[in-house]
Each structure stands twice: as C-alpha cells, then as structure tokens.
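K.L.:
Following this message is one structure expressed as structure tokens.
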C-alpha cells in the first residue's frame, strides 16, 4: 500500500496539479501578452452601441472593469489575486447577461455537454476496441473490413465538417432527424419518459458525429495491438485446448490489449472535448459550445475566460479520475 | 526518391488514392496563380448561380466564382498548415532531443510541461487567444500560435526514440571519443529521428488546417483571407443552406474532404513505409 501511494498515487497527484497550474498560468498570461487591452475594447464596444455616457461614468466603468478583469496591481499581485478568485470559484459576472455569474451559466450548459459527450465517448471507445480486436481475429470478415474503411475515411475529417455533412444529409435532404436543439422549442426539460425519448432523438446526430470521428482511431489502435497477441503461444494453446472462440477473444486477446487503450482514452479527452464544443455549434445544442459562440458574438470576455478555465479544470480532473480508476483494471499497479 | 515513389504507387492502395487526391490539390493550387478573379473582390460575377460549365462550383451570394475562390483557399490553408508544421517541428525536435539525451531533472520538467499540453483542451485556449487577437489576426499569426501549441505529442515521440538511441553502442563510442553532447545529438541522433519528424509533419499539417476551419467557423481568424474555414464561415453568414445555395457549403466541404483524406492516407502510408517491419509486409520482402 505504501509503495502504491509513493510510486503511483503521488506522481499522479503531482501531474494533476501540474496540468492545472500550466493551464491556469497560460490563461493568465495570454490576455496580458495580447496587444489589445480588454478593458478599452469593452468600453469601446459599449460606447459604439450608441449609449451616451459622461466621462465620469466611463472612468468609473474603467475602474470597475479593470478590477473585474483582475488587471489592477503589479503582475505578481494580479497572478495571486487570479488564483484567489479561482479557488473561491468566483469567475465574475457574465458581461452579456449581467449580473448572472459566469459559473451559473456554465453550470446550466454543462449537463447538456456531458450528457452527450460521456455516452458518445463510451460508445465509440467500446465499439472501436471490440470491432478492432474482432477484425484482427477474423481478418477475412467483409463487414468488419468495410467498417474499418469507414472509420479510416472519417477519422481525419474535422468534427465541424462531419457534423455539417450529417446535418445536411439527415436533417435536410432526408429529414429523419431534427435540425437543431436538444429538445423541441416550447417543451421544458423534465423527467417524463416522453421528454427523455425526444431528448435521445435529438441527441442521435450530435452523438453520431462524435462516435464516427472517434471510433476509427480506437479501431486501428486495437487492431495493431492485437495483431501481435493473436500469434502468441498462449492464444495458440487456448485454441488447441478447444476453448470457445468468444472466450479466447474476450479473455485472452482483448483483455491483454485493453490497458494501453485505456491510457490512450485519458490522453485524448481534451481533443474529444474540443470536438464536442464545435459539434454543438453546428447542431445548436445548448451546451458549452453554444455558450461559447454566443459569448464570442456578444464580446463576453469574462464568459470566454470562464469557459476556458472550467474546461481546463474539467478535463484535467477527468484524466485524474481515470488515473485513480486505472489500478482496478491493471493488477500490476494494484499489487505493487 | 523516385524509386520510393514507384514502390509505393505499385504496392500501396492508400498511397495511390492519396496521390490522386493530392495531385488534384496541387493542380488547384497552381491554378490559383492564373485565376481570372481577385478573391478579395466581391460581385465580380452574377451571384447565386448553381454549378455550371462556366462556373464549375457555382457562384456565391457575394458574387464570387466559387471554384477560383477555392483555389486560393486551398493554397492558403495548405500554406498555414506547412508554416505551423515547420514552427512546431523545430520546437518538437529541440524538446524531444534535449529531454531524451540529457535526461534527469530537465527531462522530468520538460515532459511534465509536455504532458500538460497533451492533456489540456486546446480549443478553449485557442478561442481565448483568437478572441483577444481578433482584430489583428492574420494567417501568419495563426500559424505561429498553432505552431506554439502543436508540438507536445511529437516531442514525446522523438524523446522515446532518442532514449533508445542513447543506449546503442555508437553513442557510447562517440561519448568515449570525446564528442560533445550537442554534436552527438545533431550529427548522430538527428538523422535517425528525421523520418519520424517527416511523418509527423503531415499529421501536424492536418491538425493545423482542421484547427483553422474550427476557429474560422467561430469567426476567430482573419475572415478576409480565403481559406477552407472562411469559405464555410461566409456561407453560414449568408445562410447559404436556408437560401438553397447548397453548393456554397458542398464545394468547400468536398475540397476539404479531398485535402484531409489525401494527407491522412499519405501519412498512414509513409508511416508504414518508414518502419522496416511493416514495409516488408507492404511490398513483400524486396
């Protein structure tokens, strides 16, 4: 147990804290290196809207905004103040929905993003690994080869374009799926069976985008991992012993190759999350992605800052949690 | 070089498809130099015309010939990708070689920064950057920014190569004959690493062009420069799909798919060719 804590747990915790430290520092540094002053930019957008403000109130607004952006004091003071506000969970009010706090708006959008991302991620990972292993165990199976080609063709295409193609084909030319949103306009989210069904119906195309782009990578990865395993002695012994094919596939081949794929899943979370954001923009799905594009259009700087920081902490935490669960799957770590 | 090309064309289906697609891309890029229209000008041709013999991909609601406009878009997108790849390759090679050869605390510090960048969700960070630089963004800045964020994955790959090269006897011979660490890295290790650097370059170009599409859709790149991303941005701004101008969406999508698939298949094919074990399987033990 002591060895487990020293060798496994402490390095993971250090890595977790490093990621958050690097991420937060990057988000702190970027606005300060940028040639545009966010305070002046904000003031000029407000005055450009035509509201006549006397110099006195512009000045007081400048002070308030400087305070809000954490730009008062020396850079070192600013940096500590930045961390202080973060640790209190205070990211300031949204500028376009003043004075609703940024955290509250993100909190409302987050369930939609996660509700789509997590199932889609599980489906694409399971499907890719299962089919990939099957395709190297049964190399002459035609449907599997066709699926491999599909996965390889979609894999390099950006999420936005895949989402767009799916939307145009299945929402426009063959309108069998809804065009946008997470539920029909006019209904309110509730826990009735009816609502859950429409929710799933609306989630099909967005989830399909994530699955289609994602599963090809797992498929190839698993195929190359298992291609060495199927010629191992223990697999041949199992075959000679007359074990069932399925038993060999699941307990002897897939299980051995699953661990690197699990590590790979943690490494790609950030990319998939980014893909989910842009996919939501295409489908008008009311999650973080749509919140982001609204913030961009309404020049809501504090909102974009908030989304960036929440994403960094969220992805880092997800990776950390996966690291904590990893010993459950890998006996070598468990019995150290 | 020609022999390699011939081998790949002969034995690898993927390379053949990549070759056809990328030839189409190169032809488009070359055509951009003889384009009859200036891509920055609008309303030079009648607007909203569907594809025809005169206007191969139709015309946009801004009165531009879509085919000729896209020749510039492909050129700019690919230019961005190559620029990004060059910048991020330099960083990846430097970090990878240093971390791998020096080892110790330097390796640990570099790799934990490296891993942080691998795990961090890049899009939100790039959105923040794009948002702040919006009014000043141009293709060159975007390439620099993407270059600064595009190296971590490949740096780790290069480092792992160097770690194994370090244990080979020729490194030890060089060390004992008094060669400095710097020269060992440059003269002895770099040549071994270059094939991987080349393969990852293609992958990095892909990533960079994809990021540009994403940022442009959000309106965060230089929207006056024709790229694949800005083509889609303007089509969305004019509600092309709702107005029935479907070719404005379809043409850039098609060009993008050809470009992305071409590069990806080239990457996969070269990746297998570089590795002698998979190369033998590919061309059957020559």
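K.L.:
Among the residues of region A:33-48, write down those that are surrounded by 14 or more Cβ atoms within 10 Å (Cβ to Cβ), in a helix (DSSP H, G or I) and more than 8 Å from chain B (Cβ to nearest Cβ).
P.N.:
The answer is A:39, A:41, A:42, A:43, A:46.
K.L.:
Additional query: Does residue A:139 count as in a loop (DSSP other than H, G, I, E, B), within 14 Å of chain B (Cβ to nearest Cβ) and crowded, with 20+ Cβ neighbours inside 10 Å?
P.N.:
no
K.L.:
While we're here: Filter region B:99-140 for residues that are more than 7 Å from chain A (Cβ to nearest Cβ) and either in contact (Cβ under 8 Å) with a residue 60 or more places away in the chain or outside any helix (DSSP H, G or I) (or both) and give the result.
P.N.:
Those that are more than 7 Å from chain A (Cβ to nearest Cβ) and either in contact (Cβ under 8 Å) with a residue 60 or more places away in the chain or outside any helix (DSSP H, G or I) (or both): B:99, B:100, B:101, B:102, B:103, B:126, B:130, B:134, B:137, B:138, B:139.
K.L.:
What number goes with the only condition from (1) in contact (Cβ under 8 Å) with a residue 12 or more places away in the chain; (2) in contact with a helix residue (DSSP H, G or I) (Cβ under 7 Å, 6 or more places away or on another chain) that residue A:138 does not pass?
P.N.:
(1)
K.L.:
Is it the case that region A:148-159 has a residue that's within 14 Å of another protein chain (Cβ to nearest Cβ), over 25 Å from residue B:251 (Cα atoms) and in contact with a helix residue (DSSP H, G or I) (Cβ under 7 Å, 6 or more places away or on another chain)?
P.N.:
yes
K.L.:
Of the residues that make up region A:92-105, is at least one within 14 Å of chain B (Cβ to nearest Cβ), surrounded by 12 or more Cβ atoms within 10 Å (Cβ to Cβ), touching a helix residue (DSSP H, G or I) at 6+ places or on another chain (Cβ under 7 Å) and in a helix (DSSP H, G or I)?
P.N.:
For region A:92-105, residues within 14 Å of chain B (Cβ to nearest Cβ), surrounded by 12 or more Cβ atoms within 10 Å (Cβ to Cβ), touching a helix residue (DSSP H, G or I) at 6+ places or on another chain (Cβ under 7 Å) and in a helix (DSSP H, G or I): present.
K.L.:
Is one or more of the residues making up region A:194-206 in contact (Cβ under 8 Å) with a residue 40 or more places away in the chain and under 30 Å from residue A:251 (Cβ atoms)?
P.N.:
Looking for residues that are in contact (Cβ under 8 Å) with a residue 40 or more places away in the chain and under 30 Å from residue A:251 (Cβ atoms), one finds none in region A:194-206, hence no.
K.L.:
Can you run down the residue pairs with Cβ atoms below 7 Å, 6 or more apart or on separate chains, where the first is in region B:237-248 and touching a residue at least 60 places away in the same chain (Cβ under 8 Å) and more than 11 Å from chain A (Cβ to nearest Cβ) and the partner is surrounded by fewer than 17 Cβ atoms within 10 Å (Cβ to Cβ) and not in a helix (DSSP H, G or I)?
P.N.:
B:247/B:50; B:247/B:51
K.L.:
Does region B:221-233 include one or more residues that are modelled with pLDDT under 90, at negative phi, touching a helix residue (DSSP H, G or I) at 6+ places or on another chain (Cβ under 9 Å) and surrounded by fewer than 17 Cβ atoms within 10 Å (Cβ to Cβ)?
P.N.:
Yes: one or more hits.
K.L.:
Any chance region A:173-195 includes a residue that's modelled with pLDDT under 90, part of a helix (DSSP H, G or I) and within 14 Å of another protein chain (Cβ to nearest Cβ)?
P.N.:
Among the residues of region A:173-195, at least one is modelled with pLDDT under 90, part of a helix (DSSP H, G or I) and within 14 Å of another protein chain (Cβ to nearest Cβ), which makes the answer yes.
K.L.:
Further question: Can you name the residue in region A:282-302 that is more than 19 Å from residue A:206 (Cβ to Cβ) and more than 10 Å from chain B (Cβ to nearest Cβ) and is also surrounded by the most Cβ atoms within 10 Å (Cβ to Cβ) among such residues?
P.N.:
Within region A:282-302, the match that is surrounded by the most Cβ atoms within 10 Å (Cβ to Cβ) is A:302.
The values are calculated or read from the model by the stated rules, or taken from the named source; none is laboratory data. Remember, it's a predicted structure, so these values are computed and weren't measured experimentally. Counting neighbours? That spans all protein chains shown, and the Cβs are built from the backbone with ideal geometry, glycine included.
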